[in-house]
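Below you'll find the structure, written out as structure tokens, and then a few comments.
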Amino acid sequence: MKYIFSLLLLLVITVLALFASQLIGMFLIAIVYDIPIIEFTNQMQNMSAHPELRTPILILQGFTQIFSFLGAALFFTKYVYKFNQANPNNGTVHVMNPDLAQQFLEEPFLRRYKTPAFIFLVVVVLAIVAFPAVWVTGALNGAVEFPEALKGLETWMREKEDAAQTLTLFMTDFASPMQAILGFIVVAILAGLTEEVFFRGVVQPLFQNLTKNKHAAIWITAIIFSAIHFQFYGFIPRMLLGALFGYLYIYTNNITVPIWAHILNNGLTLILFLFVDKEMLNAPAMETNDFATMIPLGILSILLCVGILKFIQKQMNKKVEEVVEGKKSW
């Protein structure tokens, strides 16, 4: 019951933080750019006609990320979780090895543990290998059609998808190198940092303590992570990425690893968009004759991702055994 209450409390804290950060951010932008808040809000409804808003919107997006997801996570872990910890004698924590449970109870979410440097290089390979799986599942997801009885829902979901894509494309149609740098910071670095700290660092461990099952916690968190973006025709690939980040966190006990993976995914996508294909940020589409070649490639991509995750798990288990046996310390 206490973890359900914690989740509800986290939801309230996050909603309040999101509302407050957006309000404060818009107020600051109104002052800095001398744009009345009402006018700024109206212009955002027709962003394509106001390219001068790109930098203010990027700043607002970054401000909101920091003070909603990251702010809520830090507030929750500092002022709520310490009064709601699992019994330190029963080992029910989110670490991969119960023998190390006692070491992780004090700061279970955000404390960093040593991870071999080569693991971060392996994650670079993982991010690249995952691209075909993300593309193929995105194309399949985007091709979903609803029965006639659910056409109203389909229309609403399409509208949400179009609105999200319009915002993303507007934010990434950079007019200068400085704007591109700001965009990379917001879209790749801040998104990777804040979303991983919140979802993998806080939400996933709460669900693991609630369900007593790390796999259930990973997939529940991944579903929430995908759903909260309100891009339903990219739901499946984003959910799979969320699960990938979740397993990286479980296997390494180091929140910086999924942060690094998330930054790589967003950063590589943005770089490909800027220098290779302007359609990278659109929902992928697949012609019928592409299925025969792309689906096997997607399956191979998923299998390689699973293999790399297993490799990371094996390497980290070796480190855990060394700690348990007293050969090394964290």
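What follows draws every value from the coordinates through simple rules; no lab data is involved. Since the model is a prediction, treat every value here as computed from it, not as a measurement. Quick reminder, even Gly has a Cβ in these numbers, built from the backbone with ideal geometry, and neighbours come from all protein chains shown.
General observations
- In region 121-321, Cα pairs under 8 Å separated by at least six residues give a relative contact order of 37 percent.
- The label point for residue 159 and the one for residue 215, both projected 7 Å from the Cα toward the Cβ, are 4.0 nm apart.
- Potential lengthening between residue 166 and residue 151 on full extension [0.36 nm per residue; Cα-Cα distance subtracted]: 3.2 nm
- Inter-centroid distance (Cα atoms) of region 13-72 relative to region 154-220, Å: 17 Å
- More than 24 angstrom apart: percent of Cα pairs within region 121-321: 44 percent
- Highest-first packing order for the peptide set 16-22, 247-253 is 247-253, 16-22, based on the mean count of other beta carbon atoms within 10 Å.
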